[in-house]
């Protein structure tokens, strides 16, 4: 989905000035405003699972170059206002149960990624070289396993205080998804422990349960787009 463009490696980043995607309205709002799903409130029933509709989206930027993430956000905000008549405001939601990614007592087991760290480009058709991941992207990615491993869903947020720059770990290699699936089917708590252990042992980070205020985007009005 387009939010992969915003959060960068290890996801593929498209190049060029034209993008054709399929997305739900929630995906478009997340990408347009740089949010996770728990930071959006007030979506109407037609925009929520299982009624949510997938839309074909075509975005073309001015000029020939690839737009920056900030430019893409502005384009999508304009699209949402024009075609979906979206109106929204931000407010603080207190005491939200979350998991905060924090640095363990031994310190982080990774360093900032630099272009010089990148291996030689692969042969055509081969895997794309890894280029680093931010803590923000790690926290968002861990929200999926956290949702799967726990009966009470807590979004994962960045509580490390580390700079939002690419680091040298690969979140796609952090967990064995087959093992996580087996653990989840046998014992949801064991699946939770497996995830927490992987984060601590491989990255020197831990997930800490806490409550904190979270800014959310409240949807005041949104309409299904017409065919024209």
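Would it be correct to say that residue 104 is in the same structural domain as residue 133 (by TED's automatic domain parsing) and surrounded by fewer than 17 Cβ atoms within 10 Å (Cβ to Cβ)? Let's see the steps before the verdict.
Working: in the same structural domain as residue 133 (by TED's automatic domain parsing): yes; surrounded by fewer than 17 Cβ atoms within 10 Å (Cβ to Cβ): yes.
So residue 104 passes the test.
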Original post:
Can you tell me which residues in the stretch 35-47 are surrounded by 10 or more Cβ atoms within 10 Å (Cβ to Cβ) and at pLDDT 85 or above?
Top reply: 39, 40, 41, 42, 43, 44, 46, 47
**OP:** From the list 211, 206, pick out the single residue that is closer than 15 Å to residue 139 by Cα, part of a strand (DSSP E or B) and either touching a residue at least 40 places away in the same chain (Cβ under 8 Å) or in contact with a strand residue (DSSP E or B) (Cβ under 8 Å, 6 or more places away or on another chain) (or both).
**Re:** 206
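The values are calculated or read from the model by the stated rules, or taken from the named source; none is laboratory data. Since this is a predicted model, take the numbers as computed values, not measurements. Note that we place each Cβ from the backbone using ideal geometry, even for glycine, and neighbour counts take in every protein chain shown.
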